[in-house]
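Engineer: Handing you a structure now.
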């Protein structure tokens, strides 16, 4: 392979140690099914602010040549991926130094999508230039392509061997997402947004002029062409102090902000304004919507008018009750994101308390107002530390209320007949509420989510996907299916078992969801039931992960009681028999401690075997 594709060696050397294969850090689901992406670290002018100095014209030209070589090397890799996945994976691993795991691991088996995330070090806006992005994503990648790059690209096309000679060649769109990290002034992040916005407009204008002036834009027959396309960016505001001017500058480039505020409570007002900007920016006109960053790495023409893809919120004990309410008030008519992930530490003892905060959560995500106007459909609550029966009483009150604002804030002092209503700016939502819900409960929570049945009784009816990670209570799958009768997928995670169940076959034939009645803490019993082909449980469990213990020691099952575990031989034998008889399990993962030794040869015979 290296002899046949050896012409790529000088290019992959440029990329060595600058690519990592990883999951998105913000993905906190029980079982991450999002595709991994390739995080790319382009060369930087300076590695840190201590090296900042004046840039000579010669140094800038040399840097741009370095960036061009790097960009063209990435483009060649993308072309290889289009032609041959095995060659693409080989060169990533052996020539670029990317860790792709070992045979038998999930990371090793999956098809590697062309998902580039460019990690941009933001030292200072003085040395960060929008011109760099224009050269990445503008017409320069065609008009100033190096001869060596064009020759290598043609070699790849010839090795493909399947490009017709009587039809135009193939133009490969290479999606790239920008991730900015701030290393100095917090306002640099806002300047980065300004620069990206300007760069995108400049690149768009270049392509429009290119399309008008270039008569034959088609790719030559038997050839390939690669075009980098800028995708939605990532900018982390972190935990820095909220600055009003920074919030306003951010808002100017996501949507229009309202009037300026007095200086008295500027920080508090700035937070509320930031939340309003994040969640209530008007949707983009259809003509301005961009192609989505497809999870499978393929180009997607299905555009969305929403400004943001996913918003991650960290609501820990430092977030005041007033700010929490401001955030929820902004979320209720969310028009910017379909996905929201929220870290919830709400068992604080401030004036709000967990019961009052659950009322506001009901208003933000599940109330009558939300179902009518919010664009949200996927919601994650992580590190939940309070879900008591009392919490759910307040939650259910807001859920059932015809006028939740009055229940939360009190009855207005004017008569409703005297009000003059302005036309609402928010568009009617199409999702009609949350249909995908993930709940991850804090491990250190001593009480456990005793209010979970009441919560699911209130929100479960429209759910299509439910994921629950909980270690204190015995998970009652029958209760979950009773309150969530429309589920397509259910994911459950305990100390030793993670399982994903699929009910699409039941939904397709309009059958009621089956009775499972499984003890998810009894691994031996679970494996035994998965051997029974007629069992609804065996038919529904599609993915399973089992955690092995070091059987030379006693183990704690999470209740604080130390017990002697079952023998390793019993469980290993049960796994083998289950794999031999089960015909529907798609993925099985066994996690063992480093001190554990087991002969895996008997397991390998089932690897990649066809299922029913």
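The values are calculated or read from the model by the stated rules, or taken from the named source; none is laboratory data. Owing to the predicted nature of the structure, the values given are computational and were not obtained by experimental measurement. Note that each Cβ is placed from the backbone with ideal geometry, even for glycine, and that neighbours are counted across all protein chains shown.
Engineer: Here is a check on your reading of the model: is residue 139 at pLDDT 90 or above, assigned by TED's automatic domain parsing to the domain that holds residue 230 and either out of contact with any strand residue (DSSP E or B) (no Cβ under 8 Å at 6 or more places or on another chain) or at positive phi (or both)?
Structural biologist: Spelling it out, residue 139 is indeed at pLDDT 90 or above, assigned by TED's automatic domain parsing to the domain that holds residue 230 and either out of contact with any strand residue (DSSP E or B) (no Cβ under 8 Å at 6 or more places or on another chain) or at positive phi (or both).
Engineer: Let me ask something else. Restricting to the range 143-179, name every residue that is in a strand (DSSP E or B) and free of Cβ contacts under 8 Å to residues at least 60 places away in the same chain.
Structural biologist: If the condition is that a residue be in a strand (DSSP E or B) and free of Cβ contacts under 8 Å to residues at least 60 places away in the same chain, then 171 is the only one that fits.
Engineer: To continue, here is another question. Cβ contacts < 7 Å: first residue under 11 Å from residue 133 (Cα atoms) and not assigned by TED's automatic domain parsing to the domain that holds residue 120, restricted to the range 185-207; second residue modelled with pLDDT of 75 or more and surrounded by fewer than 19 Cβ atoms within 10 Å (Cβ to Cβ), any location; separation 6+ or different chain. Result?
Structural biologist: Partner pairs satisfying both residue conditions: none exist.
Engineer: Separate question: Return the only residue of 197, 207 being within 30 Å of residue 315 (Cβ to Cβ) and either part of a helix (DSSP H, G or I) or at pLDDT 65 or above (or both). Step through it out loud before you land on a result.
Structural biologist: Numbers: 207 fails: within 30 Å of residue 315 (Cβ to Cβ).
Checking each option against the conditions leaves just 197.
Engineer: For the range 378-405, enumerate the residues that are in contact with a strand residue (DSSP E or B) (Cβ under 6 Å, 6 or more places away or on another chain) and more than 14 Å from residue 455 (Cβ to Cβ).
Structural biologist: Result: 378, 380, 382, 383.
Engineer: If you don't mind, another one. Restricting attention to the range 375-384, does a residue exist that is part of a loop (DSSP other than H, G, I, E, B), surrounded by 20 or more Cβ atoms within 10 Å (Cβ to Cβ) and touching a residue at least 60 places away in the same chain (Cβ under 8 Å)?
Structural biologist: Within the range 375-384 (the criterion being part of a loop (DSSP other than H, G, I, E, B), surrounded by 20 or more Cβ atoms within 10 Å (Cβ to Cβ) and touching a residue at least 60 places away in the same chain (Cβ under 8 Å)), the answer is yes, since at least one residue qualifies.
Engineer: Here is a further query. Residues that are at pLDDT 85 or above, at least 2 per element: which helices (runs of 4 or more DSSP H) completely within the range 493-612 meet that?
Structural biologist: In the range 493-612, 504-508, 523-529, 536-540, 568-581 are the helices (runs of 4 or more DSSP H) which contain 2 or more residues that are at pLDDT 85 or above.
Engineer: What number of residues in the range 529-542 are over 17 Å from residue 465 (Cβ atoms) and surrounded by 15 or more Cβ atoms within 10 Å (Cβ to Cβ)?
Structural biologist: Residues that pass the stated criteria total 8.
Engineer: Do you know which of the residues in the range 25-64 that are closer than 28 Å to residue 379 by Cβ and buried (at least 17 other Cβ atoms within 10 Å of the Cβ) is modelled with the highest pLDDT?
Structural biologist: It comes out as 39.
Engineer: Go through (1) touching a strand residue (DSSP E or B) at 6+ places or on another chain (Cβ under 8 Å); (2) surrounded by fewer than 13 Cβ atoms within 10 Å (Cβ to Cβ) one by one and return the number of the condition residue 169 breaks.
Structural biologist: In the conditions (1) touching a strand residue (DSSP E or B) at 6+ places or on another chain (Cβ under 8 Å); (2) surrounded by fewer than 13 Cβ atoms within 10 Å (Cβ to Cβ), residue 169 misses (2) alone.
Engineer: Further question on the same structure: Please tell me if residue 433 is at pLDDT below 90, outside the structural domain of residue 591 (by TED's automatic domain parsing), within 23 Å of the chain's Cα centre (by Cα) and not in a helix (DSSP H, G or I). Give the derivation first.
Structural biologist: Values: at pLDDT below 90: yes; outside the structural domain of residue 591 (by TED's automatic domain parsing): yes; within 23 Å of the chain's Cα centre (by Cα): yes; not in a helix (DSSP H, G or I): yes.
When the stated conditions are applied, residue 433 passes them.
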